[in-house]
Amino acid sequence: MKGPKIVSPIPGPKAQKIINLHKKVIMTTTMVPYPIVGSEAQGALVKDIDGNVYLDFSSAVAVANVGHNNPEVVKAVKAQAEKLIHFAGNDYYNEPQAQLAKELVSITPGKFSKKVFFSNSGAESVECAFKLARWHTKKPGMISFLGAFHGRTFGALSLSSCKSLHRKHFLPLVPSVVHVPYAYCYRCSFNLEYPDCDVWCASYIEEVLQHSYPKEDVAALIAEPIQGEAGYIVPPKEFLPKLEKICKKNGFIWIVDEVQSGFGRTGKMFACDNYGVQPDIICLAKALAAGLPMGATVARSEVANWEEGAHSNTYGGNLLACAASLANIRIIKKEKLCEKAFSLGEHALERLNEIKEESKIVGDARGKGLMIGVEFVKDKKTKENAVKETEKITVEAFKKGLILLPAGASCVRIAPPLNIQPELLDKGFDILSDAIKAVESG
Ligand SMILES: Cc1ncc(COP(=O)(O)O)c(C=O)c1O
(Lines give C-alpha, C1' and ligand atoms only; values in the text may rest on other atoms or scores of the structure.)
Protein backbone atom coordinates (compact mmCIF):
# COMPACT_ATOMS: atom_id res chain seq x y z
CA MET A 1 0.00 0.00 0.00
CA LYS A 2 1.35 3.47 -0.91
CA GLY A 3 0.20 6.78 0.43
CA PRO A 4 -1.10 9.04 1.73
CA LYS A 5 -3.09 9.53 -1.46
CA ILE A 6 -6.52 11.13 -1.98
CA VAL A 7 -8.24 9.84 -5.13
CA SER A 8 -11.93 10.59 -4.59
CA PRO A 9 -14.09 13.32 -3.09
CA ILE A 10 -14.38 12.99 0.69
CA PRO A 11 -16.56 11.25 1.62
CA GLY A 12 -16.57 9.22 -1.61
CA PRO A 13 -19.77 7.64 -2.96
CA LYS A 14 -19.24 4.24 -1.28
CA ALA A 15 -18.31 5.87 2.02
CA GLN A 16 -21.39 8.08 1.94
CA LYS A 17 -23.63 5.00 1.64
CA ILE A 18 -22.04 3.34 4.67
CA ILE A 19 -22.17 6.58 6.67
CA ASN A 20 -25.91 6.91 5.91
CA LEU A 21 -26.51 3.31 7.00
CA HIS A 22 -24.34 3.74 10.10
CA LYS A 23 -26.28 6.85 11.17
CA LYS A 24 -29.53 4.95 10.84
CA VAL A 25 -28.63 1.84 12.81
CA ILE A 26 -25.61 2.46 15.00
CA MET A 27 -25.85 3.94 18.48
CA THR A 28 -22.48 5.62 18.90
CA THR A 29 -21.67 9.02 20.37
CA THR A 30 -17.98 9.54 19.83
CA MET A 31 -17.34 9.70 16.07
CA VAL A 32 -14.43 11.91 14.94
CA PRO A 33 -15.33 15.12 13.05
CA TYR A 34 -14.26 13.69 9.67
CA PRO A 35 -15.74 10.83 7.64
CA ILE A 36 -13.46 7.82 7.28
CA VAL A 37 -14.83 4.40 6.34
CA GLY A 38 -11.86 2.07 6.84
CA SER A 39 -11.63 -0.89 4.54
CA GLU A 40 -8.08 -2.25 4.71
CA ALA A 41 -4.78 -1.30 6.29
CA GLN A 42 -1.08 -2.06 6.36
CA GLY A 43 1.52 -0.61 8.73
CA ALA A 44 0.76 3.08 9.20
CA LEU A 45 -1.56 3.36 6.19
CA VAL A 46 -5.33 2.87 6.04
CA LYS A 47 -7.33 2.63 2.83
CA ASP A 48 -10.92 3.79 2.84
CA ILE A 49 -13.73 2.15 0.93
CA ASP A 50 -13.31 4.53 -2.05
CA GLY A 51 -9.56 3.88 -2.37
CA ASN A 52 -8.22 6.95 -0.54
CA VAL A 53 -5.13 6.10 1.49
CA TYR A 54 -4.54 7.86 4.82
CA LEU A 55 -1.57 8.04 7.12
CA ASP A 56 -2.78 6.96 10.56
CA PHE A 57 -1.26 9.10 13.31
CA SER A 58 -3.71 7.53 15.79
CA SER A 59 -2.90 3.79 15.40
CA ALA A 60 -6.70 3.34 15.51
CA VAL A 61 -6.73 4.83 19.01
CA ALA A 62 -3.34 3.64 20.29
CA VAL A 63 -3.93 0.03 19.31
CA ALA A 64 -1.80 -0.72 16.23
CA ASN A 65 1.62 -0.26 17.91
CA VAL A 66 3.14 -2.97 15.65
CA GLY A 67 1.35 -1.50 12.62
CA HIS A 68 -2.05 -2.36 11.19
CA ASN A 69 -2.45 -5.98 10.15
CA ASN A 70 1.09 -6.90 11.05
CA PRO A 71 1.71 -10.08 9.00
CA GLU A 72 3.08 -12.00 12.03
CA VAL A 73 -0.04 -11.17 14.03
CA VAL A 74 -2.28 -12.19 11.12
CA LYS A 75 -0.38 -15.48 10.77
CA ALA A 76 -0.64 -16.27 14.49
CA VAL A 77 -4.38 -15.50 14.58
CA LYS A 78 -5.03 -17.61 11.46
CA ALA A 79 -3.09 -20.56 12.88
CA GLN A 80 -4.96 -20.36 16.19
CA ALA A 81 -8.34 -20.01 14.43
CA GLU A 82 -7.67 -23.30 12.61
CA LYS A 83 -7.21 -25.05 15.97
CA LEU A 84 -9.51 -23.54 18.60
CA ILE A 85 -11.18 -20.12 18.62
CA HIS A 86 -12.71 -19.98 22.06
CA PHE A 87 -12.45 -22.06 25.21
CA ALA A 88 -13.75 -19.93 28.10
CA GLY A 89 -10.44 -18.95 29.70
CA ASN A 90 -11.92 -18.19 33.13
CA ASP A 91 -13.56 -21.61 33.37
CA TYR A 92 -11.31 -24.04 31.47
CA TYR A 93 -7.56 -24.16 31.00
CA ASN A 94 -5.75 -23.31 27.75
CA GLU A 95 -2.07 -22.97 26.86
CA PRO A 96 -1.95 -19.59 25.01
CA GLN A 97 -3.60 -17.86 27.98
CA ALA A 98 -1.13 -19.36 30.46
CA GLN A 99 1.84 -18.50 28.21
CA LEU A 100 0.61 -14.94 27.71
CA ALA A 101 0.09 -14.43 31.45
CA LYS A 102 3.66 -15.71 32.06
CA GLU A 103 4.94 -13.20 29.49
CA LEU A 104 2.95 -10.29 31.00
CA VAL A 105 4.20 -11.14 34.48
CA SER A 106 7.74 -11.04 33.13
CA ILE A 107 7.56 -7.80 31.10
CA THR A 108 5.51 -5.61 33.46
CA PRO A 109 7.40 -3.49 36.01
CA GLY A 110 8.35 -5.21 39.28
CA LYS A 111 10.29 -8.44 39.67
CA PHE A 112 7.80 -9.87 42.16
CA SER A 113 5.26 -12.64 41.82
CA LYS A 114 2.12 -11.51 39.92
CA LYS A 115 -1.14 -12.88 38.57
CA VAL A 116 -3.16 -11.86 35.52
CA PHE A 117 -6.90 -11.58 34.95
CA PHE A 118 -8.00 -11.40 31.30
CA SER A 119 -10.98 -9.45 30.00
CA ASN A 120 -12.03 -7.70 26.78
CA SER A 121 -11.38 -3.99 27.11
CA GLY A 122 -9.67 -1.23 29.02
CA ALA A 123 -12.75 -0.40 31.08
CA GLU A 124 -13.01 -4.03 32.16
CA SER A 125 -9.35 -4.17 33.12
CA VAL A 126 -9.96 -1.12 35.33
CA GLU A 127 -13.20 -2.59 36.75
CA CYS A 128 -11.20 -5.63 37.79
CA ALA A 129 -8.53 -3.48 39.45
CA PHE A 130 -11.19 -1.46 41.30
CA LYS A 131 -13.00 -4.58 42.55
CA LEU A 132 -9.75 -6.32 43.48
CA ALA A 133 -8.59 -3.28 45.50
CA ARG A 134 -11.87 -3.25 47.40
CA TRP A 135 -11.81 -7.01 47.88
CA HIS A 136 -8.24 -7.07 49.12
CA THR A 137 -8.49 -4.12 51.50
CA LYS A 138 -12.20 -4.39 52.40
CA LYS A 139 -12.22 -0.57 52.11
CA PRO A 140 -14.36 1.57 49.78
CA GLY A 141 -12.28 4.67 48.97
CA MET A 142 -10.47 5.45 45.74
CA ILE A 143 -8.24 8.40 44.89
CA SER A 144 -8.16 9.36 41.23
CA PHE A 145 -7.28 12.43 39.17
CA LEU A 146 -9.01 15.29 37.42
CA GLY A 147 -8.60 14.69 33.69
CA ALA A 148 -8.42 10.92 34.19
CA PHE A 149 -10.03 8.59 31.71
CA HIS A 150 -10.42 4.96 32.74
CA GLY A 151 -13.41 3.83 30.65
CA ARG A 152 -17.18 4.02 30.46
CA THR A 153 -18.55 1.22 32.66
CA PHE A 154 -19.92 2.43 35.98
CA GLY A 155 -16.85 1.59 38.06
CA ALA A 156 -14.37 2.90 35.51
CA LEU A 157 -16.51 5.98 34.87
CA SER A 158 -16.58 6.72 38.60
CA LEU A 159 -12.78 6.87 38.52
CA SER A 160 -12.80 9.06 35.39
CA SER A 161 -13.12 12.80 35.40
CA CYS A 162 -12.05 13.84 31.94
CA LYS A 163 -15.25 15.56 30.83
CA SER A 164 -18.49 16.10 32.78
CA LEU A 165 -20.29 15.12 29.60
CA HIS A 166 -19.09 11.53 30.08
CA ARG A 167 -20.90 11.41 33.44
CA LYS A 168 -23.98 13.50 32.59
CA HIS A 169 -27.26 11.73 33.56
CA PHE A 170 -25.35 8.69 34.81
CA LEU A 171 -25.11 9.87 38.42
CA PRO A 172 -24.98 8.57 41.06
CA LEU A 173 -21.86 6.62 40.21
CA VAL A 174 -19.91 4.28 42.50
CA PRO A 175 -19.43 6.30 45.72
CA SER A 176 -16.27 7.10 47.71
CA VAL A 177 -14.12 8.27 44.79
CA VAL A 178 -12.24 11.55 45.19
CA HIS A 179 -10.54 13.34 42.26
CA VAL A 180 -7.46 15.46 42.87
CA PRO A 181 -5.48 17.62 40.39
CA TYR A 182 -3.05 15.86 38.04
CA ALA A 183 0.42 17.21 37.26
CA TYR A 184 -0.77 19.17 34.23
CA CYS A 185 2.07 21.68 34.29
CA TYR A 186 0.90 23.65 31.25
CA ARG A 187 -2.31 24.45 33.16
CA CYS A 188 -1.35 23.99 36.80
CA SER A 189 -4.43 23.86 39.05
CA PHE A 190 -2.41 25.63 41.74
CA ASN A 191 -0.89 28.24 39.39
CA LEU A 192 2.59 27.10 40.33
CA GLU A 193 5.66 26.58 38.14
CA TYR A 194 7.69 23.41 37.89
CA PRO A 195 10.31 22.76 39.35
CA ASP A 196 9.82 25.50 41.99
CA CYS A 197 6.48 23.91 42.93
CA ASP A 198 8.29 20.81 44.21
CA VAL A 199 5.41 18.86 42.61
CA TRP A 200 2.90 20.24 45.10
CA CYS A 201 0.01 18.48 43.31
CA ALA A 202 1.31 15.15 44.66
CA SER A 203 1.87 16.54 48.16
CA TYR A 204 -1.65 18.01 48.07
CA ILE A 205 -3.04 14.47 48.34
CA GLU A 206 -1.67 14.34 51.89
CA GLU A 207 -3.62 17.55 52.64
CA VAL A 208 -6.80 15.91 51.37
CA LEU A 209 -6.13 12.87 53.57
CA GLN A 210 -5.50 15.07 56.57
CA HIS A 211 -8.54 17.33 56.20
CA SER A 212 -11.32 15.56 54.36
CA TYR A 213 -10.76 11.99 53.30
CA PRO A 214 -9.80 9.50 56.03
CA LYS A 215 -6.88 7.40 54.85
CA GLU A 216 -8.22 4.44 56.85
CA ASP A 217 -11.09 4.22 54.34
CA VAL A 218 -9.00 4.37 51.17
CA ALA A 219 -8.47 1.16 49.19
CA ALA A 220 -6.36 2.47 46.33
CA LEU A 221 -4.95 5.31 44.30
CA ILE A 222 -5.21 5.03 40.51
CA ALA A 223 -3.31 7.09 37.94
CA GLU A 224 -2.52 7.12 34.25
CA PRO A 225 1.26 7.48 33.94
CA ILE A 226 0.61 9.92 31.08
CA GLN A 227 -2.97 11.13 30.85
CA GLY A 228 -4.43 9.96 27.55
CA GLU A 229 -7.88 11.29 26.73
CA ALA A 230 -7.00 14.55 28.49
CA GLY A 231 -4.43 15.26 25.75
CA TYR A 232 -1.29 13.22 26.42
CA ILE A 233 -0.27 15.08 29.54
CA VAL A 234 3.22 14.12 30.64
CA PRO A 235 3.85 14.68 34.36
CA PRO A 236 7.26 15.76 35.70
CA LYS A 237 9.60 12.90 36.56
CA GLU A 238 8.98 13.15 40.33
CA PHE A 239 5.17 12.83 40.14
CA LEU A 240 4.66 9.06 39.86
CA PRO A 241 7.43 8.17 42.36
CA LYS A 242 5.77 10.59 44.81
CA LEU A 243 2.40 8.88 44.27
CA GLU A 244 4.02 5.50 44.85
CA LYS A 245 5.51 6.79 48.12
CA ILE A 246 2.10 8.08 49.29
CA CYS A 247 0.58 4.67 48.55
CA LYS A 248 3.32 2.81 50.43
CA LYS A 249 3.21 5.16 53.41
CA ASN A 250 -0.58 4.93 53.77
CA GLY A 251 -1.07 1.30 52.80
CA PHE A 252 -3.04 2.07 49.59
CA ILE A 253 -3.06 -0.28 46.62
CA TRP A 254 -1.13 1.51 43.85
CA ILE A 255 -2.90 1.09 40.51
CA VAL A 256 -1.49 2.36 37.23
CA ASP A 257 -3.65 2.43 34.11
CA GLU A 258 -1.36 1.65 31.17
CA VAL A 259 -4.24 0.99 28.78
CA GLN A 260 -3.17 3.75 26.39
CA SER A 261 0.53 4.06 27.29
CA GLY A 262 1.59 0.41 27.29
CA PHE A 263 3.48 -1.81 24.84
CA GLY A 264 6.32 0.44 23.73
CA ARG A 265 4.24 3.56 23.09
CA THR A 266 6.39 5.80 25.34
CA GLY A 267 9.79 4.42 24.32
CA LYS A 268 9.76 1.79 27.09
CA MET A 269 7.62 -1.33 27.27
CA PHE A 270 5.44 0.46 29.86
CA ALA A 271 5.26 4.15 30.71
CA CYS A 272 5.99 3.25 34.37
CA ASP A 273 9.45 2.11 33.24
CA ASN A 274 10.27 5.75 32.41
CA TYR A 275 9.71 6.69 36.03
CA GLY A 276 11.03 3.63 37.88
CA VAL A 277 7.72 2.87 39.62
CA GLN A 278 6.33 -0.59 40.36
CA PRO A 279 2.57 -0.53 40.88
CA ASP A 280 0.64 -3.23 42.74
CA ILE A 281 -1.86 -3.46 39.87
CA ILE A 282 -1.40 -2.55 36.20
CA CYS A 283 -4.34 -2.22 33.78
CA LEU A 284 -3.71 -3.15 30.13
CA ALA A 285 -5.74 -3.19 26.90
CA LYS A 286 -5.62 -1.35 23.53
CA ALA A 287 -2.21 -2.36 22.06
CA LEU A 288 -2.14 -5.54 24.19
CA ALA A 289 -3.44 -7.76 21.39
CA ALA A 290 -2.62 -5.65 18.30
CA GLY A 291 -6.25 -5.07 17.35
CA LEU A 292 -8.06 -8.01 18.89
CA PRO A 293 -10.25 -7.01 21.83
CA MET A 294 -8.47 -7.84 25.05
CA GLY A 295 -7.91 -6.39 28.51
CA ALA A 296 -5.62 -7.64 31.26
CA THR A 297 -5.19 -6.74 34.91
CA VAL A 298 -1.79 -7.68 36.29
CA ALA A 299 -1.62 -7.74 40.10
CA ARG A 300 0.93 -8.58 42.77
CA SER A 301 0.15 -12.14 43.87
CA GLU A 302 -0.38 -11.13 47.49
CA VAL A 303 -3.01 -8.57 46.37
CA ALA A 304 -4.71 -11.04 44.02
CA ASN A 305 -6.18 -13.03 46.86
CA TRP A 306 -9.90 -13.03 46.13
CA GLU A 307 -11.83 -16.22 46.66
CA GLU A 308 -13.36 -18.62 44.15
CA GLY A 309 -16.25 -17.04 42.26
CA ALA A 310 -15.47 -13.42 43.13
CA HIS A 311 -14.92 -12.16 39.55
CA SER A 312 -15.15 -13.62 36.04
CA ASN A 313 -16.34 -13.22 32.45
CA THR A 314 -16.93 -15.33 29.33
CA TYR A 315 -14.39 -14.12 26.78
CA GLY A 316 -11.36 -13.30 28.94
CA GLY A 317 -8.33 -15.25 27.71
CA ASN A 318 -9.90 -15.74 24.29
CA LEU A 319 -7.49 -17.82 22.23
CA LEU A 320 -7.38 -15.59 19.15
CA ALA A 321 -6.62 -12.56 21.31
CA CYS A 322 -3.95 -14.52 23.23
CA ALA A 323 -2.29 -15.65 19.99
CA ALA A 324 -2.32 -12.06 18.67
CA SER A 325 -0.91 -10.72 21.92
CA LEU A 326 1.93 -13.25 22.09
CA ALA A 327 2.89 -12.36 18.49
CA ASN A 328 2.58 -8.67 19.33
CA ILE A 329 5.01 -8.87 22.26
CA ARG A 330 7.44 -10.98 20.19
CA ILE A 331 7.45 -8.31 17.46
CA ILE A 332 7.94 -5.43 19.91
CA LYS A 333 10.98 -7.19 21.38
CA LYS A 334 12.44 -8.58 18.13
CA GLU A 335 12.11 -5.32 16.18
CA LYS A 336 13.24 -3.20 19.15
CA LEU A 337 10.13 -1.06 18.84
CA CYS A 338 10.61 0.59 22.24
CA GLU A 339 13.97 1.95 21.12
CA LYS A 340 12.46 2.96 17.76
CA ALA A 341 9.58 4.77 19.48
CA PHE A 342 12.09 6.59 21.65
CA SER A 343 14.24 7.88 18.78
CA LEU A 344 11.33 8.62 16.43
CA GLY A 345 9.66 10.43 19.33
CA GLU A 346 12.71 12.66 19.84
CA HIS A 347 12.62 13.59 16.16
CA ALA A 348 8.84 14.12 16.24
CA LEU A 349 9.11 16.51 19.19
CA GLU A 350 11.85 18.46 17.39
CA ARG A 351 9.57 18.84 14.37
CA LEU A 352 6.68 19.87 16.58
CA ASN A 353 8.72 22.43 18.43
CA GLU A 354 9.70 23.98 15.10
CA ILE A 355 6.00 24.09 14.15
CA LYS A 356 5.20 25.60 17.57
CA GLU A 357 7.80 28.37 17.09
CA GLU A 358 6.21 29.43 13.80
CA SER A 359 2.61 29.10 14.94
CA LYS A 360 0.45 31.47 16.97
CA ILE A 361 -1.91 28.73 18.13
CA VAL A 362 0.31 25.80 19.11
CA GLY A 363 0.45 26.41 22.86
CA ASP A 364 2.20 23.24 23.99
CA ALA A 365 3.90 20.21 22.47
CA ARG A 366 4.82 17.40 24.86
CA GLY A 367 5.36 13.69 24.84
CA LYS A 368 7.35 10.58 25.55
CA GLY A 369 8.30 8.26 22.72
CA LEU A 370 5.46 8.26 20.22
CA MET A 371 2.82 9.38 22.72
CA ILE A 372 2.75 13.04 21.79
CA GLY A 373 0.17 15.72 22.52
CA VAL A 374 -0.28 19.08 20.81
CA GLU A 375 -2.43 21.67 22.55
CA PHE A 376 -3.96 24.52 20.55
CA VAL A 377 -4.78 27.88 22.14
CA LYS A 378 -6.33 31.10 20.87
CA ASP A 379 -3.58 33.11 22.51
CA LYS A 380 -0.29 31.83 23.92
CA LYS A 381 -0.53 34.21 26.92
CA THR A 382 -4.14 33.60 28.00
CA LYS A 383 -4.03 29.91 26.92
CA GLU A 384 -7.72 30.04 26.03
CA ASN A 385 -8.59 26.69 24.43
CA ALA A 386 -8.82 26.90 20.64
CA VAL A 387 -11.67 24.40 20.40
CA LYS A 388 -13.01 25.23 16.93
CA GLU A 389 -9.51 25.65 15.48
CA THR A 390 -8.50 22.20 16.78
CA GLU A 391 -11.46 20.61 15.04
CA LYS A 392 -10.71 22.54 11.84
CA ILE A 393 -7.07 21.37 11.93
CA THR A 394 -8.08 17.70 12.26
CA VAL A 395 -10.53 18.08 9.36
CA GLU A 396 -8.00 19.97 7.22
CA ALA A 397 -5.30 17.36 7.92
CA PHE A 398 -7.75 14.60 7.04
CA LYS A 399 -8.50 16.22 3.68
CA LYS A 400 -4.74 16.07 3.03
CA GLY A 401 -4.56 12.39 4.03
CA LEU A 402 -3.65 12.43 7.74
CA ILE A 403 -5.67 10.86 10.55
CA LEU A 404 -5.34 12.77 13.83
CA LEU A 405 -7.18 12.00 17.04
CA PRO A 406 -8.64 14.88 19.05
CA ALA A 407 -8.30 14.86 22.86
CA GLY A 408 -8.95 17.06 25.89
CA ALA A 409 -10.48 20.46 25.26
CA SER A 410 -8.24 21.46 22.34
CA CYS A 411 -5.50 18.88 21.80
CA VAL A 412 -4.62 16.32 19.18
CA ARG A 413 -2.84 13.07 19.91
CA ILE A 414 0.07 11.92 17.80
CA ALA A 415 0.43 8.16 18.22
CA PRO A 416 1.49 6.48 14.99
CA PRO A 417 2.53 2.82 14.83
CA LEU A 418 5.94 2.41 16.46
CA ASN A 419 7.43 0.90 13.29
CA ILE A 420 6.34 3.79 11.05
CA GLN A 421 8.94 4.61 8.36
CA PRO A 422 10.77 7.87 9.21
CA GLU A 423 9.78 9.36 5.82
CA LEU A 424 6.11 8.75 6.60
CA LEU A 425 6.48 10.31 10.02
CA ASP A 426 7.96 13.42 8.39
CA LYS A 427 5.24 13.42 5.74
CA GLY A 428 2.66 13.46 8.55
CA PHE A 429 4.31 16.47 10.15
CA ASP A 430 4.42 18.27 6.78
CA ILE A 431 0.65 17.74 6.48
CA LEU A 432 0.04 18.79 10.08
CA SER A 433 2.11 21.95 9.57
CA ASP A 434 0.18 22.81 6.36
CA ALA A 435 -3.14 22.16 8.12
CA ILE A 436 -2.21 24.47 11.00
CA LYS A 437 -1.10 27.19 8.56
CA ALA A 438 -4.32 26.83 6.54
CA VAL A 439 -6.47 27.25 9.68
CA GLU A 440 -4.34 30.12 11.02
CA SER A 441 -4.66 32.04 7.77
CA GLY A 442 -8.44 31.58 7.88
C1 LIG B 1 -6.10 5.08 30.03
C2 LIG B 1 -7.35 4.41 29.57
N3 LIG B 1 -7.98 3.55 30.38
C4 LIG B 1 -9.10 2.90 30.02
C5 LIG B 1 -9.66 3.12 28.80
C6 LIG B 1 -10.91 2.39 28.40
O7 LIG B 1 -10.60 1.45 27.45
P8 LIG B 1 -11.76 0.79 26.55
O9 LIG B 1 -12.22 1.86 25.61
O10 LIG B 1 -11.07 -0.35 25.86
O11 LIG B 1 -12.82 0.36 27.49
C12 LIG B 1 -9.05 4.01 27.90
C13 LIG B 1 -9.63 4.27 26.59
O14 LIG B 1 -9.34 5.19 25.89
C15 LIG B 1 -7.86 4.67 28.30
O16 LIG B 1 -7.23 5.52 27.49
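The values are calculated or read from the model by the stated rules, or taken from the named source; none is laboratory data. Please read all numbers here as calculations on a predicted model, not as lab measurements. Glycine gets a Cβ as well: all are built from the backbone with ideal geometry, and neighbour counts include every protein chain shown.
Go over the candidates GLU124, GLU103 one by one and state the one that is closer than 26 Å to GLY291 by Cβ and surrounded by fewer than 20 Cβ atoms within 10 Å (Cβ to Cβ).
GLU103
Can you tell me which residue within the range 146-186, out of those that are touching an Asp or Glu at 6+ places or on another chain (Cβ under 6 Å) and among the hydroxyl-bearing types (Ser, Thr, Tyr), is nearest to the ligand (Cβ to nearest atom)?
Looking at residues that are touching an Asp or Glu at 6+ places or on another chain (Cβ under 6 Å) and among the hydroxyl-bearing types (Ser, Thr, Tyr), I get THR153.
Within the bounds of the range 206-213, is there any residue that is crowded, with 23+ Cβ neighbours inside 10 Å, out of contact with any Ser or Thr (no Cβ under 6 Å at 6 or more places or on another chain) and either acidic (Asp, Glu) or on the phi < 0 side of the Ramachandran plot (or both)? Write out each step before concluding.
So in the range 206-213, the residues crowded, with 23+ Cβ neighbours inside 10 Å come out as none.
No: zero hits.
Do we have LYS360 as outside any helix (DSSP H, G or I) and on the phi > 0 side of the Ramachandran plot here?
No: the conditions fail for LYS360.
Name the residues in the range 129-150 that are touching a Ser or Thr at 6+ places or on another chain (Cβ under 9 Å) and either farther than 14 Å from GLU258 by Cα or of a type in the set (A, V, I, L, M) (or both), would you?
Of the residues in the range 129-150, the ones touching a Ser or Thr at 6+ places or on another chain (Cβ under 9 Å) are 129-130, 132, 139-142, 144-150.
Across the range 129-150, the qualifying residues are ALA129, PHE130, LEU132, LYS139, PRO140, GLY141, MET142, SER144, PHE145, LEU146, GLY147, ALA148.
Would you call ALA341 touching a helix residue (DSSP H, G or I) at 6+ places or on another chain (Cβ under 8 Å), among the hydrophobic types (A, V, I, L, M, F, W, C) and surrounded by 18 or more Cβ atoms within 10 Å (Cβ to Cβ)?
The answer is no for ALA341.
Residues ASN52, ASN20: which one is over 20 Å from ALA289 (Cα atoms), buried (at least 19 other Cβ atoms within 10 Å of the Cβ) and assigned by TED's automatic domain parsing to the domain that holds ASN419?
ASN52
Can you find, within the range 103-133, the residue that is farthest from the ligand (Cβ to nearest atom) among those that are free of Cβ contacts under 8 Å to residues at least 60 places away in the same chain and closer than 19 Å to ASP273 by Cα?
Looking at the filtered set, the residue picked out is LYS111.
Residues in the range 182-204: is at least one of a type outside the set (Val, Ile, Thr) and within 21 Å of LYS139 (Cα to Cα)?
Going residue by residue through the range 182-204, those that are of a type outside the set (Val, Ile, Thr) are 182-198, 200-204.
In the following step, the residues that additionally are within 21 Å of LYS139 (Cα to Cα) were identified as none.
Within the range 182-204 (the criterion being of a type outside the set (Val, Ile, Thr) and within 21 Å of LYS139 (Cα to Cα)), the answer is no, since none of the residues qualifies.
Here is a list: PRO109, PRO96. Which entry is out of contact with any strand residue (DSSP E or B) (no Cβ under 8 Å at 6 or more places or on another chain) and either modelled with pLDDT of 95 or more or of a type in the set (A, V, I, L, M, F, W, C) (or both)?
Result: PRO96 is the single residue among PRO109, PRO96 that is out of contact with any strand residue (DSSP E or B) (no Cβ under 8 Å at 6 or more places or on another chain) and either modelled with pLDDT of 95 or more or of a type in the set (A, V, I, L, M, F, W, C) (or both).
Being charged (D, E, K, R) and farther than 15 Å from GLU238 by Cβ is the filter here, so list the residues in the range 170-222 that pass it.
ARG187, GLU207, LYS215, GLU216, ASP217
I'd like the full set of residues that are in a strand (DSSP E or B) and aliphatic (A, V, I, L, M), limited to the range 236-268. First the steps, then the outcome.
Filtering the range 236-268 down to residues in a strand (DSSP E or B) leaves 253-257.
Those that are in a strand (DSSP E or B) and aliphatic (A, V, I, L, M): ILE253, ILE255, VAL256.
Looking only at residues that are hydrophobic (A, V, I, L, M, F, W, C) and within 13 Å of the ligand (Cβ to nearest atom) in the range 245-262, which one is surrounded by the fewest Cβ atoms within 10 Å (Cβ to Cβ)? Walk me through how you get there before you give the answer.
Restricting attention to the range 245-262, the residues satisfying the condition of being hydrophobic (A, V, I, L, M, F, W, C) are 246-247, 252-256, 259.
With within 13 Å of the ligand (Cβ to nearest atom) added as a condition, the list becomes 255-256, 259.
Working: ILE255: 29, VAL256: 30, VAL259: 27.
Among residues in the range 245-262 that are hydrophobic (A, V, I, L, M, F, W, C) and within 13 Å of the ligand (Cβ to nearest atom), the one surrounded by the fewest Cβ atoms within 10 Å (Cβ to Cβ) is VAL259.
So which residues in the range 282-291 are assigned to a strand (DSSP E or B) and either touching a His at 6+ places or on another chain (Cβ under 9 Å) or away from the ligand (no atom under 13 Å from the Cβ) (or both), if there are any at all? Step through it out loud before you land on a result.
Within the range 282-291, the first condition is being assigned to a strand (DSSP E or B), and the residues that meet it are 282-284, 290.
Residues satisfying the conditions are CYS283, ALA290.
Return the pair list, or none, for Cβ contacts closer than 8 Å from residues in the range 87-101 that are free of Cβ contacts under 8 Å to residues at least 12 places away in the same chain to residues that are surrounded by 14 or more Cβ atoms within 10 Å (Cβ to Cβ) and among the basic types (Lys, Arg), at least 6 apart or on different chains.
Listed pairs, sorted by first residue: none to list.
Say we look at the range 303-325 and pick out the residues that are crowded, with 19+ Cβ neighbours inside 10 Å and of a type in the set (A, V, I, L, M); which of these is farthest from PHE87 (Cα to Cα)?
Residue satisfying both the conditions and the ranking: VAL303.
Check VAL46, VAL66, VAL73 and return the single one that is assigned to a helix (DSSP H, G or I), crowded, with 17+ Cβ neighbours inside 10 Å and of a type in the set (Val, Ile, Thr).
Of the residues listed, the single one that is assigned to a helix (DSSP H, G or I), crowded, with 17+ Cβ neighbours inside 10 Å and of a type in the set (Val, Ile, Thr) is VAL73.
Considering only the range 294-336, state which residues are charged (D, E, K, R) and on the phi < 0 side of the Ramachandran plot.
ARG300, GLU302, GLU307, GLU308, ARG330, LYS333, LYS334, GLU335
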